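For reference, the structure discussed in these notes is given below.
The values are calculated or read from the model by the stated rules, or taken from the named source; none is laboratory data. As the structure is a prediction and not an experimental result, all values here were calculated from the model. With ideal geometry, Cβ positions are generated from the backbone for all residues, glycine too; neighbour counts draw on all protein chains shown. When the accessible area is computed, the model is the full protein with side chains, heavy atoms only, and any ligands, DNA or RNA have been set aside. Shrake-Rupley method; radii C 1.70, N 1.55, O 1.52, S 1.80 Å.
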Amino acid sequence: MTTDSLTDVAGLRVGHATRRGGGQLTGTTVVLAPEGGAVAAVDVRGGGPGTRETDALDPRNLVQRVEAVVLTGGSAYGLDSASGVVAWLEERGRGVRVGADPSHVVPVVPAACVFDLGRGGDFKARPDAATGRAAVEAAARTEPFAPVEEGNVGAGTGAVVGRLKGGIGSASVRLDSGITVAALVVANASGSGFDPATGALYGEYFAGRRVGYPAPEVHEEATRRLADAVAESGPPPLNTTLAVVATDAELTKAQAQKLAGTSHDGMARAVRPVHLLNDGDTVFALATGERPLDAGSPLALNEILAAGADMVTAAIVRALLAAESVRTPGGTFPAYLDLYGKGRHQSP
C-alpha cells in the first residue's frame with residue numbers, strides 16, 4: 001500500500017505549521033530525513049530566489065547529508081523558521097559532528113521561501129523560528145508512511161499560482177526496479193497552471209491523468225469570476241515554486257544534483273511561463289540510499305531522473321486540485337475546482 005506522496009520514500013516524514021486568521025496566511029513545511037540524514041542537492045532556476053544553506057549542497061563541498069529541508073512562506077523573513085529546526089535537531093544531537101562530544105554538532109538545514117507577504121492582510125505576519133519548530137515537531141510525530149496533507153497547509157497556506165489559489169501537492173511512483181521516486185511541491189508561481197483557451201490544467205497533459213476540458217459555458221463563467229477576483233486583488237503578486245524530490249536509491253551528491261536539475265522539467269510542464277525574474281523556483285533532491293543503483297545499467301539513473309520530473313508535474317496538479325478558495329483583506333484567490341467544478345476530474 002502506498003500513499004502516493006513523498007512519505008512513500010521510507011524514512012521521510014513531513015510536518016506542516018499553518019498560520020491563518022488575524023492577518024496571517026502563511027506557514028512552514030519541514031521534510032525530516034531519517035536519523036543520520038539523506039544525501040542532498042539543489043538546483044535553483046528562478047530569478048528571485050530566497051534560500052539558506054544551499055551552497056553546502058554543492059557536490060564539491062564538505063557536507064554530504066542533511067537531516068531536514070525547510071520550505072516556508074514569508075519571503076526572506078520566513079527563512080528564520082529554519083533556525084527553529086536547527087535548534088530542535090541540535091537538542092537531539094543530529095547534525096554534522098564537529099567535536100569529540102556527541103552533542104557537538106552543526107545541523108545543516110537547507111531552506112527556501114515563497115513570497116506570500118500580505119496575502120492574509122498583514123504584511124508583517126510571517127513564519128519565524130517558533131513556526132519552524134512547530135513544523136519539525138509535527139513531522140516527528142507522524143507515523144512512518146503517513147500520507148502528506150495537501151492544499152492550504154504549511155508553506156502552501158498563502159500560495160498562489162497565477163491568480164488561482166495554490167498550495168501543497170505530493171506524488172510518488174515505484175519503478176519496475178523497486179526504487180521509489182516522489183515529490184512534494186509548494187505550488188506558488190507567477191505563471192498560470194491552466195490553459196486560458198480551454199481551462200484545462202497544463203500538468204494534466206503529462207501527469208498520467210485524463211485531461212478535463214470544461215464545457216465552453218463553464219470556462220466562460222470561470223474566466224469572468226477569475227477576472228472579478230483579479231480586480232479585487234490588484235497587481236499580480238510575487239511568487240516562487242518549491243519542490244523536494246526524493247528517492248530511496250543510493251545516489252552520490254552529483255547524481256542527486258542532476259535529479260534536482262531535471263526535476264525542474266516537471267515545473268515547466270505544469271506552469272507557463274516558468275523560472276521568471278519574479279520566481280525563486282528551487283528544487284531540492286534527497287536520496288536515502290536504501291536501494292542500490294544498478295551501476296551496470298546506463299538506464300538506471302535515467303529512469304529516476306525522468307520520474308523526478310513526472311512526479312513534480314503530478315504534485316503541482318494535485319496542489320491545484322487540493323487548494324481551497326481564500327478571501328482575505330490581502331486578496332481574493334479562487335481555487336481551480338471552485339471555478340470549474342469537480343465532476344470532470346478523476347480522483348487525484
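Details
- The single residue among 45, 60, 126 that is over 17 Å from the mean Cα position of the chain (by Cα), of a type in the set (D, E, K, R) and closer than 21 Å to residue 255 by Cα turns out to be 60.
- Of all residues in the range 16-63 being part of a loop (DSSP other than H, G, I, E, B) and open to solvent by 50 Å² or more (accessible area, probe 1.4 Å), the one that is farthest from residue 142 (Cα to Cα): 60
- Of all residues in the range 64-98, those that are in a strand (DSSP E or B), under 19 Å from residue 51 (Cα atoms) and hydrophobic (A, V, I, L, M, F, W, C) total 5.
- Test set (1) in a loop (DSSP other than H, G, I, E, B); (2) among the acidic types (Asp, Glu); (3) touching a strand residue (DSSP E or B) at 6+ places or on another chain (Cβ under 9 Å) - residue 101 fails condition number: (3)
- Qualifying residue in the range 268-279 (condition: surrounded by 24 or more Cβ atoms within 10 Å (Cβ to Cβ), of a type in the set (Gly, Ala, Ser) and in contact with a His (Cβ under 9 Å, 6 or more places away or on another chain)): no
- Checking each residue in the range 141-161 for being in contact with a Leu (Cβ under 9 Å, 6 or more places away or on another chain), open to solvent by less than 40 Å² (accessible area, probe 1.4 Å) and either of a type in the set (A, V, I, L, M, F, W, C) or in a loop (DSSP other than H, G, I, E, B) (or both) picks out 142, 148, 152, 155, 157, 158, 161.
- Filtered by the rule that a residue be under 20 Å from the mean Cα position of the chain (by Cα), crowded, with 21+ Cβ neighbours inside 10 Å and either outside any loop (DSSP other than H, G, I, E, B) or at positive phi (or both), the range 182-215 gives 182, 183, 184, 185, 186, 187, 194, 201, 202, 203, 204.
- Among the residues making up the range 89-98, a single one is open to solvent by 30 Å² or more (accessible area, probe 1.4 Å) and either within 14 Å of residue 28 (Cβ to Cβ) or of a type in the set (Gly, Ala, Ser) (or both): 93.
To keep it simple, each residue is scored yes or no on (1) touching a Lys or Arg at 6+ places or on another chain (Cβ under 8 Å); (2) touching a residue at least 12 places away in the same chain (Cβ under 8 Å); (3) more than 24 Å from residue 126 (Cβ to Cβ).
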position: 57; (1), (2), (3): yes, yes, yes
position: 61; (1), (2), (3): no, no, yes
position: 75; (1), (2), (3): yes, yes, no
position: 78; (1), (2), (3): yes, yes, no
position: 89; (1), (2), (3): no, yes, no
position: 102; (1), (2), (3): no, no, yes
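- Of all residues in the range 72-88, those being more than 20 Å from residue 160 (Cβ to Cβ) and open to solvent by 10 Å² or more (accessible area, probe 1.4 Å) number 5.
- Residue count for the range 312-348, restricted to those that are under 19 Å from the mean Cα position of the chain (by Cα), open to solvent by less than 30 Å² (accessible area, probe 1.4 Å) and either at pLDDT below 90 or within 22 Å of residue 181 (Cα to Cα) (or both): 9
Residue by residue, here is whether (1) among the basic types (Lys, Arg); (2) at pLDDT 95 or above; (3) under 28 Å from residue 265 (Cβ atoms) holds:
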{"residue": "1", "(1), (2), (3)": "no, no, no"}
{"residue": "11", "(1), (2), (3)": "no, yes, yes"}
{"residue": "27", "(1), (2), (3)": "no, yes, yes"}
{"residue": "32", "(1), (2), (3)": "no, yes, yes"}
{"residue": "77", "(1), (2), (3)": "no, yes, no"}
{"residue": "81", "(1), (2), (3)": "no, yes, no"}
{"residue": "100", "(1), (2), (3)": "no, no, no"}
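- Listed by first and then second residue, the pairs linking a residue in the range 258-287 that is closer than 18 Å to residue 168 by Cα to a residue that is among the basic types (Lys, Arg), with Cβ atoms under 7 Å apart and 6 or more places separating them unless they lie on different chains, are 264/45; 281/45.
- Apart from one condition, residue 135 fits all of (1) assigned to a loop (DSSP other than H, G, I, E, B); (2) within 15 Å of the chain's Cα centre (by Cα); the exception is (1).
- Here is the figure for the range 273-302: residues that are within 23 Å of the chain's Cα centre (by Cα) and more than 17 Å from residue 39 (Cβ to Cβ) total 11.
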